[in-house]
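Report on the structure given below.
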């Protein structure tokens, strides 16, 4: 499977020596699950998009420090590209910013959460089990880092994962679009480093609690297995 990563940000330069950029994070993540996966990166933040939606079999839209409601040209272009993928029934998984962009592009709504920052490891319950969720698990733990949240789902969306802080932690639209608020590509070490450099904007008590949560084991590998199974199922359904 040719998988296109729509890269919507860069890891801040001070953290790249220790953690690499997003390309390195995704490559390390997918290496755990599928060593022969053909991954291609598109720096959409710099206006680099696939010349045609069929350049790849499926796509993943990454996280970003930008918000989907920001009025930047590349974000509007990415919304258009997302709608083109949806119309063509191409598989797309959105992570954090990408998750929120799917919602907005398809008619949902995204706002800054009144609950504040979601950081550390969050636990979400599986509300609707799907065939591609193999191996099965009733609760998923993932690193999160966000202020914005989806507050209104697109028409026809089904909530798959939920928790009290983020009710729409994962949702699916039709058979080929999937949104995930958590970051399977983030390690606990990167989460901690990112919180440290954001101490000027994240409340101390929020960071303290989030740092404690990093003792839990994240389900990054399992979630990646689910994501790839979802995208492969989408491919099969189009044949």
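Miscellaneous remarks
- Ordering 150-162, 33-45 by mean Cβ neighbour count within 10 Å, with the highest value first, yields 150-162, 33-45.
- Sorted fewest first by neighbouring Cβ atoms within 10 angstrom, 61, 96 come out as 96, 61.
- In the chain, the calculated helix contribution to ellipticity at 222 nm averages -10000 deg cm²/dmol per residue, counting -39,500 (n - 2.57) for every DSSP H run with n ≥ 4.
- With both residues required to sit in the chain, DSSP beta bridges show an antiparallel share near 55%.
- Whether segment 174-237 is rounded, prolate or oblate, judged on the alpha carbon gyration tensor where a/c under 1.5 counts as rounded: prolate
- The mean sequence distance of close C-alpha pairs (under 8 Å, at least 6 residues apart), as a share of the length of segment 2-86, puts its relative contact order at 45 percent.
- Convex hull volume of the Cα atoms of segment 1-140, normalised per residue: 153 Å³.
- Sorted by Cβ neighbour density within 10 Å, fewest at the top, the residues 176, 183: 176, 183
- Anisotropy class of segment 1-59 from Cα gyration tensor, a/c 1.5 cut: oblate
Coordinate-derived values only; no laboratory data. Model, not experiment: these values are computed from the prediction. As a convention, Cβ positions derive from the backbone with ideal geometry for all residues, glycine included, and neighbour counts pool all protein chains shown.
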